[in-house]
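What follows is one structure encoded as structure tokens, with my remarks underneath.
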Amino acid sequence: MFARAFPLLRPLIGSIDAEQAHELAVRALEIMPLPTCGPDDPRLEMEVFGLKFPNPVGMAAGFDKDGRVPDPVLRLGFGFVEIGGVTRNPQPGNPRPRVFRLQPDDAVINRYGLNSAGMNAVKARLEKRRGKGILGINLGANKDSTDRIGDYVSLIETLGAHADFVTLNISSPNTPGLRDLQGRAFLEELLDRSLEARARAGLSTRILLKIAPDLDDLQLDDIVEVARSHRIDGMIVSNTTIARAGLKDKAQAQEAGGLSGKPLFRPSTVKLAKTWLRVEGQFPLIGVGGIASGADALAKIEAGASLVQLYTALIYQGPALLQEIKQTLAAAAPPEGLSAIVGRAARDWASSAC
């Protein structure tokens, strides 16, 4: 029903403020009775991080920031959902306006600044959750924190029991200094303390690391080496970009913030492939950035992603996009499953220009 109504509602949605439209979409999922989707094509099932995903397509972080609608999102047909980013303490984020549609580019620039109800509010919601689908929680540090690594530790200890995986988001461009945590020294301490927090709490929650698409090859070398030496469970490639090359909407392109959508597809996929080659099978990757079709999702898998995530394209195409992606992936799956084609085009992607 939600998917069928979207084409009729799109002109209205596109005419209102982007942040208001986002809130309306979340609110609609809170109140709209959604039937559970039928079973997925068995060719789409993937076992990743020791978890069985009914399909490899997830809702990316950023849509459901405060854990209000994880189960309605899953009922749309996603194989998993990642909520957040969630911060230790509540914070309002940056002043409005802070979300901008670049319609000629099928893109969005946001500078939300990790607006969050805080971990305790999210925990209270998740304690009432009755759904059983796979849930991830994206974790971020407070803007005014004096111990940002300590924020991640508290978030893991507070929320880890309610998630199948948590994502250490050290790559948002909208929290000053956050990307500094991608540096080797900071990253070593972040992973040390995060893994210790998980062990101390007796959790089996998988710990993933989300990186920026704007890293150079030497920075990527360092991050992957540290991630491998710490035996984390996986990485997400990638967050939004601060690059603005080739955009058609010159006016909106001047806005500060992270760019997502179609222009991110190629650079994020190149970065994904380079990461996959460096990881050498030590842990799986989730590919995110610019997916707007089944062909895009398939390309991410061939570049090295075991799972994929999307969000921005849904703003322009609605939830029917999810079914098209799953149909394309099912048709492309070999008899032994999609896992057999993960990374088969990684070398080609890694050697191509962004």
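Suppose the filter is surrounded by fewer than 21 Cβ atoms within 10 Å (Cβ to Cβ), over 30 Å from Gly177 (Cα atoms) and not aliphatic (A, V, I, L, M); does Lys123 pass it?
In short, no.
Just checking, which of Gln219, Gln254 is over 19 Å from Gly58 (Cβ atoms) and modelled with pLDDT under 95?
Just one listed residue meets the conditions, Gln219.
Mind listing whichever residues of segment 70-93 are part of a helix (DSSP H, G or I) and either touching a Pro at 6+ places or on another chain (Cβ under 6 Å) or under 16 Å from Leu114 (Cα atoms) (or both)?
Hits for segment 70-93: nothing passes.
Does Val99 qualify as being surrounded by 24 or more Cβ atoms within 10 Å (Cβ to Cβ) and touching a residue at least 40 places away in the same chain (Cβ under 8 Å)?
no
Return yes or no: is Gly67 under 15 Å from the mean Cα position of the chain (by Cα) and either within 23 Å of Ala197 (Cα to Cα) or part of a helix (DSSP H, G or I) (or both)?
In short, yes.
What pairs can you find where one residue is in segment 110-128 and in contact (Cβ under 8 Å) with a residue 40 or more places away in the chain, the other is among the charged types (D, E, K, R), and their Cβ atoms are less than 6 Å apart, with a gap of 6+ or different chains?
Going by the 6 Å Cβ cut-off, the qualifying pairs are Arg111/Arg98; Tyr112/Arg98; Ala117/Asp66; Met119/Arg88; Val122/Asp66.
For every residue, the table says whether it meets (1) touching a helix residue (DSSP H, G or I) at 6+ places or on another chain (Cβ under 8 Å); (2) surrounded by fewer than 22 Cβ atoms within 10 Å (Cβ to Cβ); (3) more than 20 Å from Glu82 (Cα to Cα).
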site: Tyr152; (1), (2), (3): yes, no, no
site: Ser171; (1), (2), (3): yes, no, no
site: Ala185; (1), (2), (3): no, yes, yes
site: Glu188; (1), (2), (3): yes, yes, yes
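Within segment 333-350, which residues are surrounded by fewer than 16 Cβ atoms within 10 Å (Cβ to Cβ), touching a helix residue (DSSP H, G or I) at 6+ places or on another chain (Cβ under 9 Å) and not in a helix (DSSP H, G or I)?
Those that are surrounded by fewer than 16 Cβ atoms within 10 Å (Cβ to Cβ), touching a helix residue (DSSP H, G or I) at 6+ places or on another chain (Cβ under 9 Å) and not in a helix (DSSP H, G or I): Pro334, Pro335, Gly337, Arg344.
Going through Glu47, Glu30 one at a time, which residue ends up being over 18 Å from the mean Cα position of the chain (by Cα), part of a helix (DSSP H, G or I) and at pLDDT 95 or above?
Glu30
Among (1) buried (at least 24 other Cβ atoms within 10 Å of the Cβ); (2) more than 15 Å from Asn239 (Cβ to Cβ); (3) among the hydrophobic types (A, V, I, L, M, F, W, C); (4) touching a helix residue (DSSP H, G or I) at 6+ places or on another chain (Cβ under 6 Å), there is one condition Leu272 misses while meeting the rest; what is its number?
(2)
Which residue pairs have Cβ atoms under 7 Å apart, sit 6 or more places apart or on different chains, and have a first residue in segment 334-347 that is touching a residue at least 40 places away in the same chain (Cβ under 8 Å) and a second that is hydroxyl-bearing (Ser, Thr, Tyr)?
Cβ pairs passing all conditions: Ser339/Ser306; Val342/Ser306.
Scan segment 178-193 and tell me whether some residue there is under 18 Å from the mean Cα position of the chain (by Cα) and touching a residue at least 60 places away in the same chain (Cβ under 8 Å).
Checking segment 178-193: not a single residue is under 18 Å from the mean Cα position of the chain (by Cα) and touching a residue at least 60 places away in the same chain (Cβ under 8 Å).
Could you tell me how many of the residues in segment 87-96 are buried (at least 18 other Cβ atoms within 10 Å of the Cβ) and either among the basic types (Lys, Arg) or touching a Gly at 6+ places or on another chain (Cβ under 7 Å) (or both)?
Looking only at that region, the number is 4.
So Tyr311 clears everything in (1) touching a Lys or Arg at 6+ places or on another chain (Cβ under 9 Å); (2) buried (at least 18 other Cβ atoms within 10 Å of the Cβ) except one condition, right? Which one?
(1)
Of all residues in segment 310-332 being in contact with a Ser or Thr (Cβ under 9 Å, 6 or more places away or on another chain), among the hydroxyl-bearing types (Ser, Thr, Tyr) and part of a helix (DSSP H, G or I), which is nearest to Ile16 (Cα to Cα)?
Ranking the qualifying residues of segment 310-332, first place goes to Thr312.
Here are some conditions: (1) in a loop (DSSP other than H, G, I, E, B); (2) touching a residue at least 12 places away in the same chain (Cβ under 8 Å); (3) on the phi < 0 side of the Ramachandran plot. Val224 meets all but one. Which one does it not meet?
Exception for Val224: condition (1).
The values are calculated or read from the model by the stated rules, or taken from the named source; none is laboratory data. The shown structure was predicted, so the numbers you read here are calculated from the model rather than taken from an experiment. Neighbour counts are summed over all protein chains in view; Cβ atoms, including those assigned to glycine, are modelled from backbone coordinates with ideal geometry.
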